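Here is the structure we will look at.
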């Protein structure tokens, strides 16, 4: 089931290959302030469907994660990072975290939310 997503103004759009089974609420300073609920995908499961110039990038601290947002309305849209599931960055296995709040026609209340306490882990 392919899902489409868009920011508030519609200038940044993307799609993913399937609905998430769960989403993550991260407590790090960036995620807490941006309010995203994250669904994770392999790069081949994600496709930006709007022009790349509609997307801006924010790099923070280690410059390891590319936080993407709409250059027009400022909505947090997606991020590109190495896989951190082992506790260390695995640059050979990148992942895309998409803000599931932006999915069109998707019931976020139907999936569980996992909280990751990155405020205290980093």
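Structural remarks
- Given (1) modelled with pLDDT under 90; (2) farther than 17 Å from residue 116 by Cβ, index of the condition residue 82 fails: (2)
- From the options 72, 62, residue that is more than 14 Å from the chain's Cα centre (by Cα) and at pLDDT 85 or above: 72
- Among the residues of this structure, residue 40 does not count as one that is within 13 Å of the chain's Cα centre (by Cα), touching a residue at least 12 places away in the same chain (Cβ under 8 Å) and part of a helix (DSSP H, G or I).
- Top-ranked residue of region 88-113 - restricted to ones that are touching a helix residue (DSSP H, G or I) at 6+ places or on another chain (Cβ under 9 Å) and not in a strand (DSSP E or B), ranked as surrounded by the most Cβ atoms within 10 Å (Cβ to Cβ): 100
- The set of residues in region 53-83 being in a loop (DSSP other than H, G, I, E, B) and either loosely packed, with under 15 Cβ neighbours inside 10 Å or in contact (Cβ under 8 Å) with a residue 60 or more places away in the chain (or both) consists of 59, 60, 61, 62, 63, 64, 71, 72, 73, 74, 75.
- Scanning region 28-52 for residues that are surrounded by 16 or more Cβ atoms within 10 Å (Cβ to Cβ) and modelled with pLDDT under 85 yields a total of 3.
- Verdict on residue 16 being touching a helix residue (DSSP H, G or I) at 6+ places or on another chain (Cβ under 6 Å), closer than 25 Å to residue 1 by Cα and touching a residue at least 12 places away in the same chain (Cβ under 8 Å): yes
The values are calculated or read from the model by the stated rules, or taken from the named source; none is laboratory data. Values in this document were obtained by computation on a predicted structure and should not be read as measured data. Cβ coordinates were reconstructed from backbone atoms using ideal geometry, including for glycine residues, and neighbour counts include every protein chain displayed.
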